[in-house]
Structures are given as structure tokens and as C-alpha cells.
Amino acid sequence: MADMDAYCSMDQDAEVRRYVGGKPRTREEAERRFLNGFQPVTDRMAMWATILKADNSYIGRCGLFPHFQSNGEKIPGEGALGLYIAREHWRKGYATEAGKAFVDFGFNELNIKKIVTAIEAGNDASVHVIEKLGFTLSYTEYVHRTYYHYVLEKFKHV
Ligand SMILES: CC(C)(COP(=O)(O)OP(=O)(O)OC[C@H]1O[C@@H](n2cnc3c(N)ncnc32)[C@H](O)[C@@H]1OP(=O)(O)O)[C@@H](O)C(=O)NCCC(=O)NCCS
């Protein structure tokens, strides 16, 4: 509950939501999602509150979540990386730091073999971070908007 205000202001920020959903959520929508939208997991594959060590403040949500195939089943051995940082903390290296930590966590602790992520065209900061982490473009897809699908495989990761 302590993170709810910070979570909601991120979700209400049109710039944060520009390439992830396309429009800001209202406070009511964000609260509802915070209170009901996140189910507990037992396999540690979820988005985690991202906390700034210096002052213990909530600055975003990052993590590895299951990669689902089109029939809704989880793809074994694969994870999807998500990075969301509040705008006042952009360009300080936090997404890169969190991304590296979750790649290591996925490959070395969860024993995942492949990590994927989808980025909407135009989200240049996200493309830059993902390519810095070693991901390569797998394919481009158009579903109402254009998405770049990136992949990082364990055997290629150093
Ligand atoms: C994408 C996002 C996670 C990046 O977070 P961040 O903490 O600012 O990222 P970092 O500071 O680690 O790195 C940003 C890098 O992108 C670069 N960058 C920033 N804006 C850029 C732009 N418009 N075009 C190209 N590069 C850009 C920065 O210079 C930096 O690169 P550098 O470290 O080589 O100098 C953040 O902007 C965000 O949360 N956006 C909204 C949610 C979102 O779109 N998430 C991604 C879903 S796929």
C-alpha cells in the first residue's frame, strides 16, 4: 500500500504510458489496478517494485514475467522483460541497471534460456536500453501499431 501513490502517478503520466498502452490511466483506474490487478506468484516471475536504495522510494516496476504463447500457455524456459521507470528518474541509468539485474536473475537463478521483450516503434529510449543489454531484433510485427520483438538467449549472453 505504501507504493500506491507513486504507482498511480506513473500510470497517470501520459509520457510514461505513451508507448505502453498509449494513454494515461485515471487515478481510479490506476488504483483499481494496483489493488486488484497483481496476483501473487510463487515462481518470482512478475514485475517487482523498483526501489531506490538511497531513500527507499518507489521509482518504478521492473521484472521478468512469463512469456505466453497465443493460446495463453506459458512457454517453458522463457521470460519477458518489462522496465517502467517514473519520468522524474529517467536517464539516470536505472532501467539499464534493473535490466542487467533481471537478465542475470533470469539466466542464473530462474534458469531461463531465453528472454524476450516487445517495444513499440518510436520508443527509442527503450530500444537503446534493450540493445545495450545485448538483445537483438528478432522480428517486427504490426498489430494496430508497429512492435519490435527483441530476444536474448542464455548461450549467447556473456
Ligand atoms: C524506457 C525506460 C524504461 C528507460 O528508463 P531510464 O531509466 O531512463 O533508462 P536508462 O537511464 O537506463 O537509459 C536510457 C538510455 O536511453 C537513452 N535515451 C533516452 N531517451 C532517448 C531517446 N529518445 N532516443 C534514444 N536514446 C534515448 C539515454 O541516453 C540512455 O542511454 P545511455 O545510457 O547510453 O546514455 C523509461 O523511459 C520508461 O520507463 N519509459 C516508459 C515506460 C516504457 O516505455 N517502458 C518500456 C516498455 S518496452
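Listed by chain and number, the aspartates and glutamates whose C-alpha is less than 16 Å from the C-alpha of Lys132, apart from same-chain residues fewer than 8 away, are Glu97, Asp104, Asp124, Glu153. If you sort the three axes of the alpha carbon gyration tensor as a ≥ b ≥ c, you get a/c under 1.5 for the chain, which makes it rounded. Net length available on complete extension from Phe105 to Gln12 is 30.5 nm, with 0.36 nm assigned per residue and the Cα-Cα distance removed. Model label sites at Ala125 and Val20, defined 7 Å from Cα along the beta-carbon direction, differ in position by 1.1 nm.
From the gyration tensor of the Cα coordinates in region 38-84, what semi-axes in whole Å does the equivalent ellipsoid have, largest first, with each one equal to sqrt(5λ)? Mind showing how you got there, number by number?
Working: eigenvalues 133, 20, 14 Å².
Ellipsoid half-lengths, sorted descending, are 26, 10, 8 Å.
Subtracting the Cα-Cα distance of Leu52 and Val143 from their residue separation scaled by 0.36 nm leaves 29.2 nm. Label-to-label distance for Phe65 and His157 is 1.9 nm, based on points extended 7 Å past Cα in the beta-carbon direction. Over all other residues within a Cβ to Cβ distance under 15 Å of Leu152, the charged ones net out to +2, with Lys and Arg as +1 and Asp and Glu as -1.
Within the chain, the longest run free of exposed loop sites, counting trypsin sites (Lys or Arg not before Pro) that sit outside DSSP helix and strand states (H, G, I, E, B) and have at most 16 other Cβ atoms within 10 Å, spans 114-158.
Rule-based calculations on the coordinates, nothing more; no lab input. All of these numbers come straight from a predicted model, not from anything done at the bench. Every residue, glycine among them, receives a Cβ derived from its backbone with ideal geometry; neighbour counts consider all protein chains shown.
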